[in-house]
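Undergrad: Right, I'll just put the structure down here and ask away after.
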Amino acid sequence: MTESLLSVRNLRVEFPTRRGTLVAVDDLSFDIAPGEVLGVVGESGAGKSLTGMAIIGLLEPPGRIAAGEIRLEGERIDNLSPEAMRRIRGKRIGAIFQDPLTSLNPLFTIGEQLVETILVHLDLNEAQARDRAVELLAEVGIPAPEIRIDNYPHHFSGGMRQRVVIALALCARPRLIVADEPTTALDVSIQAQIIELLRKLARENGAAVMLITHDMGVIAETADRVAVMYAGRLAEIGPVKDVIHAPQHPYTSGLMRSIPKLGEGRETLAQIDGAMPRLNAIPPGCAFNPRCLKRFDRCMHDRPSPMPAGATEAACWLYAR
Amino acid sequence: MPAETLLELVDVGREFDVSRPWLNRVLEGEPRRSLQAVDGVSFSIRRGETLALVGESGCGKSTVARLIVGLYTLSRGRILFDGADLADPGSAPLRRRMQMIFQDPYASLNPRWRVRDIVAEPIVAHGLAPDAKALAARVAELLTQVGLAPEDGERFPHEFSGGQRQRVSIARALSSNPEFLVCDEPTSALDVSVQAQILNLMKDLQQRLGLTYLFISHNLAVVAHVATRVGVMYLGRLVEVADAKTLFERPRHPYTRMLIDAIPDLEMSGKSRTPVAGEVPSPLTPPPGCAFNPRCPHANERCRTERPVPLELPGGRIAACHAVQEGRIGDL
Ligand SMILES: Nc1ncnc2c1ncn2[C@@H]1O[C@H](COP(=O)(O)OP(=O)(O)OP(=O)(O)O)[C@@H](O)[C@H]1O
Ligand SMILES: Nc1ncnc2c1ncn2[C@@H]1O[C@H](COP(=O)(O)OP(=O)(O)OP(=O)(O)O)[C@@H](O)[C@H]1O
Ligand code: SF4
Ligand code: SF4
Ligand SMILES: [Mg+2]
Ligand SMILES: [Mg+2]
């Protein structure tokens, strides 16, 4: 395999609380190569956003990295000072968050926020930065960018705000892009445009993209590989085609079955019964065992690590040999 | 049972002022600018059905939702609920019978309140629980219904993931037993397995309680699953309304066809989805005539000058398109 651009090893994220420590991300390892898009999917609350936050150094206390290593182009970044991390963010890592409203400051115009970010990261004067900002807005598909640039965030629709956040994250052409639900608020046509932009950055700049999303259609079109998370752990990881069409882990299979498909009409959707365990009540053994129809003895007390399964790797005892 | 109309929009419009700051306007001699976010939209929703609104980002879907629940005032037109005009003084009790689930689960939950208080608030406000014990029981029931645990009531919104917060806002919206729910992207923050649970739950509630939904979503596959009828919006205008099945199988309006062709392909058959041609024009300066004409393969001179009006076609569907109305294009 080529040298990875991002390497995450045995990552553990914890929340100390009055009633004990919650482990939200548990022994998670994966790599992303330059030019590669890794899709990250999984149950709501599985720890996808926290993993992203840990990588960009923005975990909110009391949340903390309790174990493991994160390397960017070979260099450890999980133990840097907040100051050093701030310099890396924006320049070498671009972050797109799940909530567009809170990543934009309501008191400043779109243009003021873009120009400020551009001035910090690129060697341009104010007028050039403004031109670049208009260009970026056009790139993410905002109509009439030269007028809308002077509007405030609340003047924009949900999807337009999200595109502004994307423009902000991409303005310094970062090496690693962590995108948390970048297209959830967007319709299919803008989605296609943003996906194309992310792919282009990966292809042309050799950037690595970590794409967290619930939208399996977006994953199918954008990602090279997919990681599936469940209860803070890696359930399955592998090439996108295999994970979608020949999932090996029982959770992944359930997930794929619950995707609504066009042309199925108004029937009840397939669902995985039950809910993901609370962080304070993760069962021993395989975290999926209470909902798994294939569980057997070993699943109840031994925890599986990812192992080769078909064309992917799955953390499931069905594949132990 | 007769399909009685619960909600009706009549020629609804809403403008926004998006002028640059006063000083810039004066210095650069610029006029005020206004944006027609919703432009002459009329439709009705029958009791017990789900009408979905779809369309590209910025086409005015959330604005329609906010006009209905009274978060924005109308620039023109009327909205009738159960036959009564929502603008009439004394219509406040009507609004109590509707609730909204917001597109942005972050902004819509008060960060300083515990989840149990957030969910309980509408119950308390409407005096729906006889005592504290009944209130606690009802909150626990609601949290369980949306796939959370009663203990989660003790936590604050920031302690939840995006999808979990969206479930809190759904529990809150259901708490006052509304008849009509406006759902703005209710499941787009949820993973597909939780989405399936929530959509099944919403359908189940609809069947049991006879709820009526206005459902806004970008995801056409989701819309195909939940909607009885679908309205397609473009640049603030309604361009097609039809039964969900008819719309997806035989779209008439060229814009609807384009949207359906652009749905991401999960089969990865190698066929890349038909890219959507062109860009949405600026809503500040919509093209004359049919707003879709710069992107439409069927546009002609009439389309560039005369604005098409929504007309009912045989079979009960409505389309605002000259080519469809002239019979130049038929079913797919
Ligand atoms: N400040 C906090 N205190 C306690 N628990 C927290 C806190 N922040 C997050 N969590 C918990 O950590 C878990 C993982 O959250 P995370 O936001 O990473 O989920 P996610 O996979 O991104 O989910 P979604 O798809 O819904 O966005 C959740 O169960 C959440 O409740
Ligand atoms: N408060 C406001 N002030 C000024 N303009 C606004 C305001 N709210 C919405 N708009 C504008 O009205 C148009 C429609 O916005 P709306 O939020 O209704 O779109 P939408 O269809 O919900 O889009 P999305 O799918 O991205 O959420 C957009 O061009 C938006 O910029
Ligand atoms: S390890 Fe056992 S319980 Fe877990 S997914 Fe595999 S079969 Fe199911
Ligand atoms: S009215 Fe003309 S431009 Fe508009 S959609 Fe119909 S054919 Fe196309
Ligand atoms: Mg998340
Ligand atoms: Mg919206």
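Values quoted throughout were computed directly from the atomic coordinates according to the rules given, and no laboratory measurement underlies them. As the structure is a prediction and not an experimental result, all values here were calculated from the model. Glycine also receives a Cβ, built like all others from the backbone with ideal geometry; neighbour counts cover every protein chain displayed.
Undergrad: May I ask which residue of A:167, B:236, B:115 lies farthest towards the positive end of the charge dipole of the protein assembly as shown, with charges of +1 (Lys, Arg) and -1 (Asp, Glu) on Cβ and the Cα centre as origin?
TA: Positive-end residue among those listed: B:115.
Undergrad: Considering chain A as a Gaussian network with a 10 Å cut-off on Cα pairs, which listed residue, A:157, A:49, A:103, attains the greatest mean-square fluctuation?
TA: A:157
Undergrad: What number comes out for the charge environment of residue B:44, summing +1 per Lys or Arg and -1 per Asp or Glu over other residues with Cβ under 13 Å away?
TA: Around residue B:44, the charge tally is -2.
Undergrad: Right, next: If I model chain A as equal point scatterers sitting on the Cα atoms and use the Debye formula, what is log10 I(q)/I(0) at q = 0.11, 0.12, 0.14 Å⁻¹?
TA: -0.72, -0.85, -1.13
Undergrad: Can you tally the net charge around residue A:4? Count Lys and Arg as +1, Asp and Glu as -1, for every other residue whose Cβ sits under 11 Å from the Cβ of residue A:4.
TA: With Lys, Arg at +1 and Asp, Glu at -1, the neighbours total -2.
Undergrad: Name the shape class, rounded, prolate or oblate, that the alpha-carbon gyration tensor gives for region A:250-321, where a ≥ b ≥ c are the square roots of its eigenvalues, rounded holds for a/c under 1.5, and otherwise prolate holds if a/b is larger than b/c and oblate otherwise.
TA: Cα axes put region A:250-321 in the oblate bin.
Undergrad: If you take each beta carbon of peptide A:40-47 and count the beta carbons of other chains within 10 angstrom, what is the mean?
TA: Taking the mean over all residues of the peptide, I get 5.
Undergrad: Let me ask something else about it. Quick one, could you list the DSSP H helices from chain B stretching 18 Å or more along their long axis (Cα atoms) with average Kyte-Doolittle hydropathy of -0.5 or above?
TA: Taking the DSSP H segments of chain B (at least 18 Å long, mean hydropathy at least -0.5), we get B:132-145, B:162-174, B:192-209.
Undergrad: Follow-up question, since we're still on this one. Can you put B:16, A:296 in order of Cβ neighbours within 10 angstrom, beginning with the fewest?
TA: A:296, B:16
Undergrad: OK, next. State the answer as a single residue: which of B:288, A:113, B:176 lies farthest towards the positive end of the charge dipole of the protein assembly as shown, with beta carbon charges of +1 for Lys and Arg and -1 for Asp and Glu, about the Cα centre.
TA: Farthest towards the positive end: B:176.
Undergrad: Could you list, bin by bin from short to long, the percent of Cα-Cα pairs of chain B in 10 Å steps?
TA: So the P(r) values, bin by bin, are 5, 23, 31, 24, 13, 4, 0.
Undergrad: Name the most mobile residue of A:83, A:73, A:264, meaning the one with the largest mean-square fluctuation, in a Gaussian network model of chain A with Cα contacts below 10 Å.
TA: Checking each option, the largest mean-square fluctuation is seen for A:264.
Undergrad: Rounded to the nearest 5, what is the percent of antiparallel bridges among the DSSP beta bridges in the protein assembly as shown?
TA: Counting DSSP beta bridges with both partners in the protein assembly as shown, the antiparallel share is about 60 percent.
Undergrad: Once both labels are modelled 7 Å past Cα along the beta-carbon direction, what's the residue B:113-residue B:144 spacing in nm?
TA: 2.3
Undergrad: Let me ask you something else. Can you give the calculated 222 nm mean residue ellipticity of the protein assembly as shown, where each DSSP H run of n ≥ 4 adds -39,500 (n - 2.57) and the sum is split over every residue, rounded to the nearest 500 deg cm²/dmol?
TA: For the protein assembly as shown, the value works out to -9500 deg cm²/dmol.
Undergrad: Which whole number gives the average, over all residues in B:166-175, of C-beta atoms from other chains lying within 10 Å of the residue C-beta?
TA: Mean inter-chain Cβ contacts per residue within 10 Å come to 0.
Undergrad: Positive end of the charge dipole of the protein assembly as shown (Lys, Arg +1 and Asp, Glu -1 on Cβ, about the Cα centre): tell me which of B:205, B:42, A:194 has its Cα farthest that way.
TA: Of the options given, the answer is B:205.
Undergrad: Per-residue Cβ counts within 10 Å, from other chains only, averaged over B:313-319: what number is that?
TA: 0
Undergrad: Only Cα pairs within less than 10 Å get springs; with that Gaussian network setup on chain A, which residue of A:180, A:273, A:27 has the largest fluctuation?
TA: A:273
Undergrad: Assigning unit charges at the beta carbon (Lys, Arg +1; Asp, Glu -1) and nothing else, what dipole magnitude in debye, to the nearest 20, does the protein assembly as shown show about its Cα centre?
TA: Charge dipole, the protein assembly as shown, about its Cα centre: 640 debye, nearest 20.
Undergrad: Could you give the DSSP H helices of chain A that reach 20 angstrom or more along their long axis (alpha carbon positions) and whose average Kyte-Doolittle hydropathy is no lower than -0.5?
TA: Membrane-span-like by this criterion, though nothing is claimed about a membrane: A:188-205.
Undergrad: If you don't mind, there's one more thing I want to ask. Under 21 Å from the Cα of residue B:203, which lysines turn up, not counting those fewer than eight places away in the same chain?
TA: Residue B:203 reaches A:261, B:245.
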